[in-house]
Structure formats: C-alpha cells, structure tokens
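This report refers to the structure that appears directly beneath it.
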Amino acid sequence: MKTRPGICNHKKRFGSRSEAEYVAGRAPFTLRAYCCDLCKQFHLTSRTKGMKTPRAEMPRARGD
Ligand SMILES: [Zn+2]
C-alpha cells in the first residue's frame, strides 16, 4: 500500500501493531492495522485488500 504524507500526518499513529489491532478490534466496523513506510509506526485503515464494504457510505468514525 502506498502511503501519502498527508494521510500519515492526518491519521492516528500507534507504536506497535498489537496496539493498533487492539483498537481496530474494538471498532464497530472492519479496520486493518498496517505499518506506515513514512513514520514506521502503525495506522488503521478501513480499506481492506480485495474486499469492498457492502455499504456504499464510508464509516465516519475512523479514529481521526
Ligand atoms: Zn505514518
């Protein structure tokens, strides 16, 4: 996954994958933790590879 600087700066950062996945697991929708190439920390994304959310609308609460 390509990470744009603006996205990195905007998103919440986690110091470890386990921390990010813990938060992801508590969300009411699917979130994935991924390692960011820019800051070398972890972010959460609502985008899942090869999977499209059934709902057309994007979830609003993304931990931003
Ligand atoms: Zn980042």
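What do you reckon, is C39 surrounded by 14 or more Cβ atoms within 10 Å (Cβ to Cβ), modelled with pLDDT of 80 or more and either assigned to a loop (DSSP other than H, G, I, E, B) or in contact with a Gly (Cβ under 7 Å, 6 or more places away or on another chain) (or both)?
Values: surrounded by 14 or more Cβ atoms within 10 Å (Cβ to Cβ): yes; modelled with pLDDT of 80 or more: yes; either assigned to a loop (DSSP other than H, G, I, E, B) or in contact with a Gly (Cβ under 7 Å, 6 or more places away or on another chain) (or both): yes.
Yes: the conditions hold for C39.
Being part of a strand (DSSP E or B) and either more than 9 Å from the ligand (Cβ to nearest atom) or out of contact with any Ser or Thr (no Cβ under 9 Å at 6 or more places or on another chain) (or both) holds for only one residue in A20, A24, A33, and it is A33.
The values are calculated or read from the model by the stated rules, or taken from the named source; none is laboratory data. Because the structure is predicted, anything quoted here is derived from the model rather than measured. Using ideal geometry, Cβ is built from the backbone for each residue, glycine included, and neighbour counts are taken over all protein chains shown.
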